[in-house]
Amino acid sequence: MTSSYAQNIPYQTPPQAIVDLVDAPNTPAVSLSPDKKTLLLIEVPSLPPIEEVAEEELRIGGLRINPRTNGSSRARSYSGLSLIRINDDTKIEISGLPLQPRLENISWSPDGKNIGCTHTTNDGIELWVIAVSTGQARRMAEGINDAISGLPYQWVGKGQQLLVKQVMPDRGSAPVAPQVPKGPVIQENKEGAAPVRTYQDLLKNPYDEALFAFYTTSRLNKVEVISGESSSLPIEGIITDFSLSPDGSFILVERIKKPFSYIVPYYRFPQEVTVFDQEGRQIRQIADLPAAEKIPKGFNAVPEGPRSFAWRNDQPATIYWVEAQDGGDPKNEVDVRDQLFMLKAPFEGDPQPSVQFALRYRGITWGDGNLAIGHEFWWSTRREIISAWSPDHASGDKRILYDRSYEDRYTDPGNFQTAVNNFGRSILLQDPNGGLYLTGIGASPDGNRPFVDRFDPEDNSIERLWRSEAPYYEIPVSMIDTEKGMVITRRESEKEPPNYFLRNIKTGQLQALTEFPNPYEMMADVSKELIRYQRKDGIDLTGTLYLPPGYERDKDGPLPVLMWAYPREYKSADAASQVRNSPYEFLRISYGSPLFWVMRGYAVFDNFAMPIIGEGVEEPNETFVTQLVDGAAAAIDKIVDMGVADRSRIGVGGHSYGAFMTANLLAHSDLFAAGIARSGAYNRTLTPFGFQSEERTYWEAPEIYNTMSPFMHADKIKEPILLIHGEADNNSGTFPMQSERFYGALKGHGATTRLVMLPGESHGYRARESILHMLWEMDQWMEKYVKKVDPEDRVKMGTP
């Protein structure tokens, strides 16, 4: 007998063992001051209630806005702050903040003497400043416009003033939706291809345009930090970004202008880039850019014309940007892809060309006039070039430091460390002899072993100064004193939670700066092991196996298993085989983790490697399904051979592309007893201009799209599959319709399936009620279809 019906039930709660993990206190986030003298501890609150998540939300132009506050409706807030002085371990409590604060946009002043943050009230957003010396907080401004992502304020100079983006004064009431339409909404393409990915929350009509302009238009105001006095600048509009020159004399502003687009998000609308003086007088328009609707297809495609505007951190007032030399089209074969330009104050004459990039520009770390580090990359080959040059020399004398595959984690040189200069900006950290410093995760066949290196730019030689040692996983956070060898690190082990330390890498001396407790004491006896195995084509794979507390293999026998993964594409088999984590990392649990079920008597095989490889001219997705099934089969064979897994009781799950993986595994194999797929995309014809790492369009590779789409193979899925999706998912490609249509296809073919839509939730879930209900659904599914507990026994155990 089969049944198909809708259920309307209240939010449910999973077993207490799972609830206890969800409600475990969060470890504070940490931020280091620019002068490296003070640690800021940032309290992370518990999960918000559904009432907060379900507040009114405008979904327009690629933004999600809370009309009540004029801020982002999906921003993460923090609930408290405190300070630790590094030199004497003195703790400073913050006073003067509102009760139950909702803090966002936290930043240090360049001189490290103050901390800025916003506080969201019931009807708006305020700007607050905290004096580091006393811990005293003061409200500086209200009516902050935080509708567009990015910091809504900037420090002027070293921190004596703030430049603040505020709601337009006397803007009146929000536009009201017309009761009767004035005519149809028409879009027209006359010439030129406009291949765009599948975006959501786009503008749809003139009313959306009016709402978008109302909530995003703002004015820049200057606020004195000491006195709190405020003055308006004549700079207004839909400001997407603004920044001050390092010397504080000029303001670079990027603003959206009409006509708005109905096919791309706000960040691809027409835009003008202008430099103003500190009084708000326009000095020069740097760029006037059309809507970026017709960018060529491909992951390295960019708009024509200037892009990536910023100030040189090592100069008082020099703007730089890059311009594509290949028409923005990765298919065009050229020697130079991007050209760097610079324009120095007073911003007269033509911009000066500087260094050229053979690949696509990724960024610059400035040092001084004699040294800058440039980064460029190319997607299709996974190639990365890191170069050094003298930016103040006409020739540029660019020389390559590293030319490598960024897939190859074992050869990753790490990141160049920075220090704050006299302008309060980050530049390359150099010792008196000109040496630079690199820190990285130190991937190796033994797992990640973070390091500190000294790099000599004269001959590219490297000296290893320090490396993390077992049984700890210790990550360098910041170099404090290169002469003395002082480094702030974050240190953890399998059983010890991450804490911050001051380490002398010359003597080995270690001083604890924080003492965060273990929030997961109930999991102290969980067994964790890095498992190595091979796919049948010889690819080395790894995954992390967790076993329940008290489990004894010989006594208890094989367990039911939950396997959880996320496929990743590679152009190199060697890179795909590399170890991607450390056996000494502390056990962490987020709402989406599968580790809850280790406390329910399951073995959990987490992050078992699912590489999809396409070497040379072959694309990874040419053999996606085969590699997926072979990878899963190898993982199952390994844990079954170990004696910990019952082959007949193995479930598989994943989120987003992991959900896509799950559905494909059930469609193309009989390896699993059941599956759980959260927030996935199952019909790739609904994302016809590319998805995940697939650059080709549906019309170029229809067989790939069809073969990879579980929707097209819904008739083959015989194992039970649970579908969960946020009702307001705005991730590109994974709109809720994907799960709704897939459920319809499965139901139409008689599959055992269940669709759960979480109200108000996006691609990631936030509300405590939503997360607990999601975990309840998953637990029910696992108990019934994987552990295969008898219904009467489930009632006796208190499980519905």
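From largest accessible area down, sort LYS190, LYS506; use a 1.4 Å probe on the protein chains.
Numbers: LYS190 170, LYS506 140 Å².
Ranked list, largest accessible area first: LYS190, LYS506.
Compute the signed sum of charges (Lys and Arg +1, Asp and Glu -1) over the other residues within less than 11 Å, Cβ to Cβ, of GLU323.
Details: positive: ARG307, ARG337; negative: GLU304, ASP326, ASP338.
Value of the local net charge: -1.
Would you kindly find the accessible area of GLU463, with a 1.4 Å probe and non-protein molecules such as ligands, DNA and RNA excluded, rounding to the nearest 10 Å²?
GLU463 exposes around 100 Å² with every protein chain in place.
Treating only the Cβ of Lys, Arg, Asp and Glu as charged (+1, +1, -1, -1), what charge dipole size does the range 240-283 show about its Cα centre? Round to the nearest 20 debye.
Numbers: 5 positive and 6 negative charges, 69 e Å.
The dipole magnitude comes to about 340 debye.
Please name which of GLY96, LEU83, GLY71 has its Cα lying farthest along the dipole of the range 45-103 towards the positive end, using unit charges on Cβ (Lys, Arg +1; Asp, Glu -1) and the Cα centre as origin.
GLY71
Please report how far the C-alpha centroid of the range 652-667 lies from that of the range 266-316, rounded to the nearest whole angstrom.
What the calculation gives is 40 Å, centre to centre.
Taking the full set of protein chains and a 1.4 angstrom probe, give the accessible area of GLU719 in square angstrom, rounded to the nearest 10.
About 20 Å², rounded to the nearest 10.
Over the range 277-375, what is the relative contact order in percent, taking alpha-carbon pairs closer than 8 angstrom and at least six residues apart?
Once normalised by length, the contact order is 19 percent.
What is the distance in Å between the Cα centres of the range 321-400 and the range 552-626?
First find each Cα centre; the distance between them is then 38 Å.
Using r as the Cβ-Cβ distance of PHE299 and ASP431, and R0 as 60 Å, what FRET efficiency do you calculate, to the nearest 0.05?
Working: r = 38 Å, r/R0 = 0.63.
Here the calculated transfer efficiency is 0.95.
Put +1 on the Cβ of each Lys and Arg and -1 on the Cβ of each Asp and Glu in the range 696-800; which of GLN780, GLY748, SER709 then has its Cα farthest toward the positive end of the dipole?
Farthest along the dipole direction, towards plus: GLN780.
From the Cα gyration tensor of the range 425-481, with a ≥ b ≥ c the square roots of its eigenvalues, which class applies: rounded if a/c is under 1.5, or else prolate if a/b is larger than b/c, or else oblate? Please list the in-between numbers first.
Details: a/c = 2.61, a/b = 1.71, b/c = 1.53.
Here the range 425-481 falls in the prolate category.
Within a Cβ distance under 12 Å of TRP155, other residues only, what is the Lys/Arg minus Asp/Glu net charge?
Numbers: positive: LYS113, LYS158, LYS222, ARG425; negative: ASP111.
With Lys, Arg at +1 and Asp, Glu at -1, the neighbours total +3.
Could you give the dipole magnitude of the chain about its Cα centre, charging the beta-carbon of Lys and Arg +1 and that of Asp and Glu -1, in debye to the nearest 20?
On the way: 83 positive and 107 negative charges, 188 e Å.
Dipole of the chain, to the nearest 20 debye: 900 debye.
With runs of 4+ DSSP H residues as the only contributors, calculate the mean residue ellipticity of the chain at 222 nm using -39,500 (n - 2.57) per run, divided by the residue total and rounded to the nearest 500.
Values: 11 runs with 103 residues, N = 800.
-3500 deg cm²/dmol, from helical runs alone.
Which value in Å does the Kirkwood hydrodynamic radius of the range 431-522 take, with 1/r averaged over all unlike C-alpha pairs and then inverted?
Details: mean 1/r = 0.0707 Å⁻¹.
Across the range 431-522, the inverse of the average 1/r is 14.1 Å.
Among the lysines, which fall within straight-line cross-link reach of LYS222, defined as a Cα-Cα distance under 16 Å, with same-chain neighbours fewer than 8 residues apart omitted?
In chain and number order, the partners are LYS158, LYS165.
Please report, in debye to the nearest 20, how large the charge dipole of the range 481-618 is about its Cα centre when each Lys and Arg carries +1 at its beta carbon and each Asp and Glu carries -1 there.
120 debye
Would you mind pulling out the separation of the Cα centroids of the range 631-646 and the range 419-435, in Å?
51 Å
Relative contact order, percent, of the chain when contacts are C-alpha pairs under 8 Å separated by at least 6 residues?
Details: 1840 pairs, mean separation 69.1, N = 800.
Answer for the chain is 9 percent.
So which lysines pass the test for LYS484, namely a Cα distance under 24 Å, with those fewer than 8 places away in the same chain ruled out?
Reachable lysines: LYS36, LYS37, LYS506.
What fraction, in whole percent, of alpha-carbon pairs in the range 583-685 exceed 19 Å separation?
Looking at the range 583-685, the distances longer than 19 Å represent 48 percent of pairs.
Using a 1.4 Å probe and counting only protein heavy atoms, arrange MET712, MET140 so the residue with the most accessible area comes first.
Numbers: MET712 75, MET140 20 Å².
Largest to smallest exposure gives the sequence MET712, MET140.
Considering only protein heavy atoms, with the full assembly of protein chains and a 1.4 angstrom probe, order ASP729, ASP646, ASP459 by accessible area, largest first.
On the way: ASP729 0, ASP646 40, ASP459 100 Å².
Largest to smallest exposure gives the sequence ASP459, ASP646, ASP729.
State whether the range 525-612 is rounded, prolate or oblate according to the following rule on the C-alpha gyration tensor (a ≥ b ≥ c being the square roots of its eigenvalues): a/c under 1.5 gives rounded; otherwise a/b larger than b/c gives prolate, and the remaining case gives oblate. Walk me through the numbers before you get to the answer.
Details: a/c = 2.19, a/b = 1.72, b/c = 1.28.
It comes out prolate by the Cα gyration axes.
Looking at the chain, I'd like the Rg to Rh ratio, where Rg is from alpha-carbon atoms and Rh is Kirkwood's inverse mean 1/r.
Working: Rg = 27.5 Å, Rh = 28.9 Å.
Rg/Rh: 0.95.
Can you give the local net charge around ASP540? Use residues other than it whose beta-carbon is closer than 10 angstrom to its beta-carbon, Lys and Arg +1, Asp and Glu -1. Could the numbers behind the result be given before it?
On the way: positive: ARG532, ARG535; negative: ASP574.
So the surrounding residues net to +1.
The values are calculated or read from the model by the stated rules, or taken from the named source; none is laboratory data. As the structure is a computational prediction, the values presented were derived from the model and not from experiment. FYI the Cβ positions are ideal-geometry reconstructions off the backbone, even for glycines, and counts take in every protein chain you see. Note: accessible area is taken over every heavy atom of the protein model, side chains too, but ligands, DNA and RNA are not part of it. Shrake-Rupley method; radii C 1.70, N 1.55, O 1.52, S 1.80 Å.
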